[in-house]
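This report refers to the structure that appears directly beneath it.
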Amino acid sequence: MHAITLQSTLSPDAYLQPSDHVDFHDRGIQERIRTFDQTTELERIQAAYEFVRDEISHSMDIRSPEVTRRASEVLRQGHGICYAKSHLLAALLRGMGIPAGMCYQRLTWDDTVEGGHAIHALNTVYLREKDQWIRLDARGNKEGVNAQFFIGKEQLAYTTRPELGEVDYETNFHEPPPAIIEALENHSDCMQMCAAGLPTELKEHAQAE
């Protein structure tokens, strides 16, 4: 699988800022960041990624009705859907001074066009030593899903199939787009949100500059 070319008109500094949903100044997040004491920046990126992938549950996998939204909330509660988990990974990396953003895929629900589509979130990370953005998917592995930390060759949770209307969006978002936030904020039951409340598409380059 070949990586897409991520598109952004912003400098890497834009991907270092705290925000409402990427709230890395939170005490709990700062405490967690201090546990990533690996020698190199690349090792710290991998450690943060694997922590969110493996130690933070996907809400659907554990059938939790709770909706988590902000990075600090996801860390505190220990779970979130892919949108929320992407906020946490971005917060951990930004809190370490590593530029990180969010990107998205449009995927089918049941491998058929008739079953409908939903937007899936993953992360972007800037590798300074390579002057390169990569994508990482911390959704959480399970049967049929095996995302890994690889440089040069992506191994994401999902590979898009254009023949089914699936899309790899190329926009490198420094903040989650409105459709993502609206889905999270407008629902109080995660199971209901995932069943019928997730956006089905995104506008490309829908990013404030």
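What you get for region 5-155, charging only the Cβ of Lys and Arg (+1) and of Asp and Glu (-1), is a dipole of about 200 debye around the Cα centre.
Solvent exposure of Leu122, expressed as accessible area, is near 0 Å², computed with a probe of 1.4 Å over the protein chains only. The ratio of the alpha-carbon radius of gyration of the chain to the globular-protein estimate 2.2 N^0.38 Å is 0.94. Spatial offset of region 80-109 relative to region 146-209 amounts to 10 Å, using the alpha carbon center of each. Approximating the spin labels as points 7 Å out from Cα along Cα→Cβ, the Arg128-to-Glu31 distance works out to 2.8 nm.
Arranged from highest to lowest average of other beta-carbon atoms within 10 Å per residue, in what order do the peptides 17-23, 66-72, 111-117 appear? Before the final figure, lay out the partial values.
Numbers: 17-23: 18.6, 66-72: 22.9, 111-117: 11.6.
So the order, starting with the most tightly packed, is 66-72, 17-23, 111-117.
Thr108 sits with roughly 20 Å² accessible to a 1.4 Å probe, with DNA, RNA and ligands left out of the calculation. Overall shape: oblate for region 122-187, with the ratio a/c of the largest to smallest alpha carbon gyration tensor axis at 1.5 or above and b/c at least equal to a/b.
For region 2-70, what class follows from the C-alpha gyration tensor (a ≥ b ≥ c being the square roots of its eigenvalues): rounded when a/c is under 1.5, otherwise prolate if a/b is larger than b/c, else oblate? Mind dumping the intermediate values first?
Values: a/c = 1.38, a/b = 1.23, b/c = 1.12.
Rounded shape, in that the Cα axes give a/c under 1.5.
Think of the chain as having a plus end and a minus end, set by charges on the Cβ of Lys, Arg, Asp and Glu; of Cys82, Met191, Thr160, Cys82 sits farthest toward the positive end of this dipole.
Could you work out the local net charge near Val74, counting Lys and Arg as +1, Asp and Glu as -1, over the other residues with Cβ closer than 12 Å to its Cβ? Write out the running numbers ahead of the final one.
Values: positive: Arg32, Arg69, Arg70, Arg76, Lys85; negative: Asp23, Asp26, Glu55, Glu66, Glu73.
Combined, the nearby Lys, Arg, Asp and Glu give 0.
Placing pseudo-labels 7 Å out from each Cα toward the beta carbon at Thr40 and Gln148 gives an inter-label distance of 1.8 nm.
Computing Rg and the Kirkwood Rh from the Cα coordinates of region 64-154 gives a ratio, Rg/Rh, of 1.00. Taking the average, over residues, of other Cβ atoms within 10 Å as the packing measure, peptides 132-141, 39-48, 188-197 rank 132-141, 39-48, 188-197 from highest down.
The values are calculated or read from the model by the stated rules, or taken from the named source; none is laboratory data. This one's a predicted model, so the numbers in the text were calculated from it and none came from an experiment. Every residue, glycine among them, receives a Cβ derived from its backbone with ideal geometry; neighbour counts consider all protein chains shown. Keep in mind that these areas ignore ligands, DNA and RNA; they rest on the heavy atoms of the full protein, side chains included. Shrake-Rupley method; radii C 1.70, N 1.55, O 1.52, S 1.80 Å.
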